[in-house]
Amino acid sequence: MKEMTEPVMIEEIIEVKKTYWTCGNPLHRHRTQFVALFCIRESTRKKIEQQPVTDKRLLSLLEMHAAGKTLAEMAAVDGGGRSRVHQLLKEAKRRKVEGLL
Ligand SMILES: [Zn+2]
């Protein structure tokens, strides 16, 4: 061992391997596949929910409601969540009553 009188600072570059799951959003780094999948499903659902409320969409919900479909079944067809479908259904009924549909 070389005798030293002064300490010397050593700098090392260390390579770190990080793994994460991506959902396509460059700002997201999900730790698990499950969370990334959930994120993808959520953003898809939000996009669908934000789609314009068209007469066609509302009439389709009214038809399904009249046919005895549950909110979950209507949500599966519509693409939005159950609460959104419930909200849209109320809107559809209102428009129907007011003669707007
Ligand atoms: Zn994400």
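Please treat every number below as a calculation from the coordinates, not as lab data. As the structure is a prediction and not an experimental result, all values here were calculated from the model. Cβ atoms come from the backbone with ideal geometry, glycine included; neighbour counts cover every protein chain shown.
If a/c stays under 1.5 just call it rounded; otherwise compare a/b with b/c (prolate if a/b is bigger, oblate if not). Do that for the stretch 43-94, with a ≥ b ≥ c from the square roots of the Cα gyration tensor eigenvalues. Taking the square roots of the gyration eigenvalues as a ≥ b ≥ c, the stretch 43-94 is oblate. Using only Cα atoms and rounding to the nearest 10 degrees, what angle (0 to 90) does helix 55-66 make with the longest principal axis of the chain? Helix 55-66 and the main axis of the chain meet at about 70 degrees. For Trp21, the amide hydrogen comes within under 5 Å of the amide hydrogens of His30, Arg31, Thr32, counting only partners 5 or more places away or on other chains and with H modelled in the peptide plane.
Compared with the alpha-carbon gap, the fully stretched path from Leu100 to Thr54 is longer by 15.4 nm at 0.36 nm per residue. Based on C-alpha pairs under 8 angstrom that are at least 6 apart in sequence, the chain has a relative contact order of 19 percent. With respect to the chain, whose longest principal axis is taken over its alpha-carbon atoms, helix 82-97 is tilted by about 30°. Within the chain, all pairs of alpha-carbon atoms sorted by distance into 5 Å bins from zero give the percentages 2, 11, 15, 13, 9, 8, 7, 6, 5, 4, 3, 3, 3, 2, 3, 2, 2, 1, 1, 0. Computed from Cα atoms, the angle from the helix 33-49 axis to the main principal axis of the chain rounds to 40 degrees.
Label sites at Ala72 and Phe38, each approximated as a point 7 angstrom past Cα along Cα to Cβ, lie 1.9 nm apart.
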